[in-house]
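K.L.:
Attaching a single structure in structure tokens format; questions to follow.
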Amino acid sequence: MGDWKTVTVPVLPSDGKNIFQYTSERRISSPGMNSQVLRLPLPSSKSMHTFFSAFCTEENIEQSLSYLDRELTTLGFPSIFAEPRGRELNLISVINCMNELLVLQHKNLRAQEEVEMQHLKLGSDMDHLQNCYAKLKEQLELSKREIVGLQERDRQLQTKNRNLHQLLKNEKDEVQKLQNIISSRATQYNHDMKRKEREYNKLKERLHQLVMNKKDKKIAMEVLNYVGRADGKRGAWRTDKTEARNEEEMYKVLLSDFEQRQKQLLVENAELKKVLQQMKKEIISLLPPQKQKPKERSEDGPVLSDLEEDIGELNKENMWELSCETVREQLTNSIRKQWRMLKNHVEKLDNQVSRVHSGALNDKDVISREDHELETEKLELEIQQCKEMIKTQQQLLQQQLMSPCDDDTTLLLQDCYLLEEKERLQEEWRLFREQKKNFEKERRSFTEAAIRLGLERKAFEEDRGAWLKQQFLSMSTDYKHSESVTTPSAFLGSPDQDNRLAKSASRQRKPHCLSSPLSAESWQQTPQSITNNSAASTPPARDSKPNQWEESEGEETE
Amino acid sequence: MNFSELFKLTSLLSRFSPNGKCLVWSLEQPDWHCKIDEGSAGLVASCWSPDGRHILNTTEFHLRITVWSLCTKSVSYIKYPKACQQGIAFTKDGRYMAVAERRDCKDFVSIFVCSDWQLLRHFDTETQDLFGIEWAPNGCVLAVWDTCLEYKILLYSLDGRLLSTYRAYEWSLGIKSIAWSPSSQFLAIGSYDEKVRILNHVTWKKITEFEHPTTIANTKTIVYKEVEKSPSAETETLSFPPSRASASSWFSMQSKYDISQVPVSLHHIKPVADRANPKIGVGMLAFSADNCFLATKNDNIPNAVWIWDIQKLKLFVVLEQLSAIQSFQWDPRQPRLALCTGNSKVYLWSPAGCVSVQVPMEGDFQIVSLSWHSSGDSMALLSKDNFCVCYLEREEVK
């Protein structure tokens, strides 16, 4: 808040206008302490009036005018006089000047308001900052005190720690001392014991001597009879040979024990080697086959390939039977390598999984879960619907089966499910009967035709017979004319005709066929044979016809 | 009183009296007998050789061991025998005998061939004061352990070479008892710190240790507790005057086993600290015949037998009795443990369960030790003055 510029504007004499004088006070405000709002009270018109009249009176009009003019011109306003040194007031310029002055005054007031506002703001900021500062100072004090307290505690604990260490050291020293005491006492006791023992041994020796001296008289064994030895053999003298034999026996026992143990160990070893081999194979199979980078491969490549080769070789040679150092090492080394690879692989997989869980694929999971939920809801709805449908169907079925109805409806409803089928069936039956009738009609016509044909044939045969007779008779007279070429063809034609006819009436074919070659061969016998054949053919036809058409009109046949 | 191995055809009995006389009877030929007189040497202990034809008498003050032969009537002497608990050990097949000796304040072990009592090996041991020796069941390794002031066990091969030494800790009281497993695979060492350490026969290093805490917290352990059940008084069968048998059965309490829920706190005693040979530590160890179980007793929990599963190397079962355990022994054929606690009952445990059997004897019969027959069908129950033979019925296998 700096100094304020004072502008004291002397009052203009008025022609009845009230000119208010604004005065501003100079303030020097100390920073941050007492800032007061500057607010000028509008003076009352009366006081103003007296105040205003203090500047210009009737006596000093000209002076005040010239003073005013000077001031205005220095301030940059145009002169209020009409001409530079005249006495006539330029009213227009006076009014303009007044207006300008008013505008200036307004501007100044606004500026003042702004400044006051800013002043207020700054004041409150200052207050706030001072409060913060006070609080922070308090906190600082508190923390300082705390630190001091903690330091004190730390110091105490350290001294305690040092004391405990010291105690521990003392205890350890004491323990060591006691142990030393114990060991020295132990040696002392041992020494004393040995001394006593030697004395005791001397006594024992003495006693032994005394006892042994009396041995011959007193010590004896009375036995009724000797007991046989355990293994049935007789006792033998103790010689060097027996000694050697005993040694041998002992070594044999030891050796057999060792051998047994070695066998067990070999078996165990073989088992373990087998297990290792299997493990190795399984580890190799578990590992992803070609995930190795070319760099790695180049590193491990030669080694691995060598190993693989060697192992391949050794596998061929039954490697578990070899137990030399290099083979053993190789096996263990290769297993270690494979295991390390497997471990790395598993670790990689673990990392991948953890990344997936925590990484950007989270959204996918969320979405998929939502989808999944939607799906499940849909499916549940479907299930519900199906269930309801089933229920309704069941209900209807039950209703159908169990609902009491009157006789008509029951009659109607009986077999109502099969009604359609029944009708269809009846329809088909009808059709079938119609067709049957048609067939029968056709059959009848065919039989009639066949009978007619038979009759015709008979007639034809008779004619032929008569004609042949004539021919023969004529042949006997005129041999050259006897070329009855036509007859075989005509004859041959008839079997075909017969065949065709026979086809329409199925069973007749056979006898006709039979009869026709017969008749073709024996056309020389023709008259009788033909007649016979035809007679033969027709009776079977006749016979068969009633057989076939037994149900229909048998009277049609002859 | 000693028994010669009962499977031998010539079964002989011997009895000795403190003034140096030893009497031998035959079970098969009652009129055969033999009298051995040690004279002024006195007798402290007497034992049979494994072939049943020699008697080894230990004279007073452990002056010497006299080997009396019943077949040749000859005598051999072994000088300077060691005065310790287990100074003589025979291999399982009866071929070799190891004797602990002490000359000039040093311990030695002599190995003899039992067939002709010839000295095979004689070597010194690195022990302060040898406490005991024991052969492994395969007859190839001899375990030699030191006094309880020193935890040290040495393993020697049959030909006298030192195979290995094992020390678990220093200064505290050491080994109390050891047991070989029947396959010679394991050596169990029970010590005064209430732990059992198991060594393996390949490296002779410890493979595990078993602790005996007073509270059992593991839920996989089964704890059988013997409880008394009052006998039902059947008034109809009372007879007047009451016969002796019924009277004794009245006054003796029936007991049965109950399964306790873990965690179980066992009854333990605090041994007096300033006495020698405190009742603390694992004092009894035994492997079952099929090498599957190990039974132990911790002397400051005197009422409990701990049965460990060797296949899993874990605690399997704890049997808690009402009084202190006197002795236990495994059946030589099956995994079946018989134990006695100084009353007239014998207790049997097998993986199928456990049972308490009242011995129907008149009067007081306090069983202090028991011994199985080698066929596993019967066992002898011994009290101070009497003994009885208990036959076990075998179930018919269909």
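The values are calculated or read from the model by the stated rules, or taken from the named source; none is laboratory data. The shown structure was predicted, so the numbers you read here are calculated from the model rather than taken from an experiment. We place every Cβ from the backbone using ideal geometry, glycine too, and count neighbours over all the protein chains shown.
K.L.:
State the number of residues belonging to region A:162-212 that are among the aliphatic types (A, V, I, L, M) and within 15 Å of B:HIS62 (Cα to Cα). Break it down into steps so the answer makes sense when it comes.
P.N.:
Quick first cut of region A:162-212, residues among the aliphatic types (A, V, I, L, M) only: A:164, A:167-168, A:175, A:178, A:181-182, A:186, A:193, A:203, A:207, A:210-212.
Among the residues that remain, those that are also within 15 Å of B:HIS62 (Cα to Cα) are: A:203, A:207, A:210-212.
Number of matching residues: 5.
K.L.:
Tell me, which residue of region B:200-221 that is in a strand (DSSP E or B), touching a residue at least 40 places away in the same chain (Cβ under 8 Å) and not polar (S, T, N, Q) is farthest from A:LEU265 (Cα to Cα)?
P.N.:
First pass over region B:200-221, keeping only residues in a strand (DSSP E or B): B:200, B:206-211, B:215-216.
Those still in the list that are touching a residue at least 40 places away in the same chain (Cβ under 8 Å) too: B:206-208, B:210, B:215-216.
Imposing the further condition that a residue be not polar (S, T, N, Q) reduces the set to B:206-207, B:210, B:216.
Numbers: B:LYS206: 19, B:ILE207: 18, B:PHE210: 27, B:ILE216: 38 Å.
Result: B:ILE216.
K.L.:
Another question about this same structure. Answer yes or no: is there a residue in region B:179-189 that is within 13 Å of chain A (Cβ to nearest Cβ) and without any contact (Cβ under 8 Å) to a residue 60 or more places away in the chain.
P.N.:
Step one: of region B:179-189, the residues within 13 Å of chain A (Cβ to nearest Cβ) are B:183-185.
Among the residues that remain, those that are also without any contact (Cβ under 8 Å) to a residue 60 or more places away in the chain are: B:184.
Within region B:179-189, one or more residues are within 13 Å of chain A (Cβ to nearest Cβ) and without any contact (Cβ under 8 Å) to a residue 60 or more places away in the chain.
K.L.:
Right, next: Kindly indicate whether A:GLN260 is under 30 Å from A:ASN333 (Cβ atoms), modelled with pLDDT of 90 or more and within 11 Å of chain B (Cβ to nearest Cβ).
P.N.:
Working: under 30 Å from A:ASN333 (Cβ atoms): no; modelled with pLDDT of 90 or more: yes; within 11 Å of chain B (Cβ to nearest Cβ): yes.
When the stated conditions are applied, A:GLN260 does not pass them.
K.L.:
Further question: Could you list, in sequence order, the residues of region B:142-154 that are more than 16 Å from B:ASN200 (Cβ to Cβ) and assigned to a strand (DSSP E or B)?
P.N.:
Step one: filter region B:142-154 for residues more than 16 Å from B:ASN200 (Cβ to Cβ), giving B:142, B:144-152, B:154.
Of everything in region B:142-154, those that are more than 16 Å from B:ASN200 (Cβ to Cβ) and assigned to a strand (DSSP E or B) turn out to be B:LEU142, B:VAL144, B:TRP145, B:ASP146, B:LEU154.
K.L.:
Okay, next question. Just the residues that are out of contact with any helix residue (DSSP H, G or I) (no Cβ under 8 Å at 6 or more places or on another chain) and acidic (Asp, Glu), please, taken from region B:150-169.
P.N.:
If we filter region B:150-169 for residues that are out of contact with any helix residue (DSSP H, G or I) (no Cβ under 8 Å at 6 or more places or on another chain), which is where we start, we get B:150-156, B:160-169.
B:GLU150, the sole residue that qualifies.
K.L.:
Hey, another quick one. Are any of the residues in region B:78-89 over 30 Å from B:CYS34 (Cβ atoms) and at pLDDT 90 or above? Spell out the reasoning first.
P.N.:
From region B:78-89, those over 30 Å from B:CYS34 (Cβ atoms) are none; that's our starting set.
For region B:78-89, residues over 30 Å from B:CYS34 (Cβ atoms) and at pLDDT 90 or above: absent.
K.L.:
Test B:SER374 against the stated conditions and say whether it is at pLDDT below 85 and within 16 Å of the chain's Cα centre (by Cα). Please lay out each step first, then the result.
P.N.:
On the way: at pLDDT below 85: yes; within 16 Å of the chain's Cα centre (by Cα): yes.
Yes: the conditions hold for B:SER374.
K.L.:
Quick one: is A:MET319 hydrophobic (A, V, I, L, M, F, W, C) and modelled with pLDDT under 85?
P.N.:
Numbers: hydrophobic (A, V, I, L, M, F, W, C): yes; modelled with pLDDT under 85: yes.
Judged against the criteria, A:MET319 is a match.
K.L.:
Then there's this: May I ask you to list the residues in region B:155-176 that are more than 12 Å from chain A (Cβ to nearest Cβ), crowded, with 20+ Cβ neighbours inside 10 Å and assigned to a loop (DSSP other than H, G, I, E, B)?
P.N.:
Hit for region B:155-176 is B:GLY174, nothing else.
K.L.:
OK, next. Being modelled with pLDDT of 65 or more and basic (Lys, Arg) is true for just one of A:ARG234, A:ARG229, A:ARG245. Which residue is that? Break it down stepwise before answering.
P.N.:
Values: A:ARG234 fails: modelled with pLDDT of 65 or more; A:ARG229 fails: modelled with pLDDT of 65 or more.
Residue meeting the stated conditions: A:ARG245.
K.L.:
For region B:349-398, which fully contained strands (runs of 3 or more DSSP E) count at least 3 residues that are in contact with a strand residue (DSSP E or B) (Cβ under 7 Å, 6 or more places away or on another chain) and touching a residue at least 24 places away in the same chain (Cβ under 8 Å)? Talk me through it step by step, then tell me what you get.
P.N.:
Numbers: elements: B:353-358, B:369-372, B:378-382, B:387-391.
Of the strands (runs of 3 or more DSSP E) lying wholly inside region B:349-398, those with at least 3 residues that are in contact with a strand residue (DSSP E or B) (Cβ under 7 Å, 6 or more places away or on another chain) and touching a residue at least 24 places away in the same chain (Cβ under 8 Å) span B:353-358, B:369-372.
K.L.:
Quick one: B:ALA338 ticks every box in (1) buried (at least 21 other Cβ atoms within 10 Å of the Cβ); (2) part of a loop (DSSP other than H, G, I, E, B) except a single one, so which number is it?
P.N.:
The failed condition is (2).
K.L.:
When you scan region A:88-109, do you find a residue that is at pLDDT 80 or above and among the acidic types (Asp, Glu), even just one?
P.N.:
yes
K.L.:
Okay, next question. For the list (1) within 12 Å of chain A (Cβ to nearest Cβ); (2) among the hydroxyl-bearing types (Ser, Thr, Tyr); (3) within 24 Å of A:LEU203 (Cβ to Cβ), I need the number of the one condition that B:TYR96 fails.
P.N.:
Status for B:TYR96: all satisfied but (3).
K.L.:
Give just the number: which of (1) basic (Lys, Arg); (2) within 30 Å of B:VAL113 (Cα to Cα); (3) surrounded by 21 or more Cβ atoms within 10 Å (Cβ to Cβ) does B:ARG197 not satisfy?
P.N.:
Checking B:ARG197 against (1) basic (Lys, Arg); (2) within 30 Å of B:VAL113 (Cα to Cα); (3) surrounded by 21 or more Cβ atoms within 10 Å (Cβ to Cβ), the one that fails is (2).
K.L.:
For region B:138-154, name all the residues that are out of contact with any strand residue (DSSP E or B) (no Cβ under 6 Å at 6 or more places or on another chain) and within 12 Å of chain A (Cβ to nearest Cβ).
P.N.:
Matches in region B:138-154: B:ASN138, B:GLY139, B:CYS140, B:LEU149, B:GLU150.
K.L.:
Hey, another quick one. Restricting attention to region B:371-385, which residues are surrounded by fewer than 14 Cβ atoms within 10 Å (Cβ to Cβ) and closer than 16 Å to B:ILE325 by Cα?
P.N.:
Listed by number, the list holds a single entry, B:LYS384.
K.L.:
Considering only region B:68-84, state which residues are among the β-branched types (Val, Ile, Thr) and either over 27 Å from B:ASP146 (Cβ atoms) or within 10 Å of chain A (Cβ to nearest Cβ) (or both). Give the derivation first.
P.N.:
Within region B:68-84, the subset among the β-branched types (Val, Ile, Thr) is B:72, B:75, B:78.
Of everything in region B:68-84, those that are among the β-branched types (Val, Ile, Thr) and either over 27 Å from B:ASP146 (Cβ atoms) or within 10 Å of chain A (Cβ to nearest Cβ) (or both) turn out to be B:THR72, B:VAL75.
K.L.:
Now, a different point. Could we say that B:ILE55 is at pLDDT below 85 and within 8 Å of chain A (Cβ to nearest Cβ) here? Give the steps one after another, and end with the answer.
P.N.:
Values: at pLDDT below 85: yes; within 8 Å of chain A (Cβ to nearest Cβ): no.
Spelling it out, it is not the case that B:ILE55 is at pLDDT below 85 and within 8 Å of chain A (Cβ to nearest Cβ).
K.L.:
Go through region B:58-67 and count every residue that is at the interface with another protein chain (Cβ under 7 Å from one of its Cβ atoms) and at positive phi.
P.N.:
1
K.L.:
Pull up region A:263-272, narrow it to residues that are more than 10 Å from every other protein chain (Cβ to nearest Cβ) and hydrophobic (A, V, I, L, M, F, W, C), then point me to the one that is nearest to the chain's Cα centre (by Cα).
P.N.:
A:LEU272
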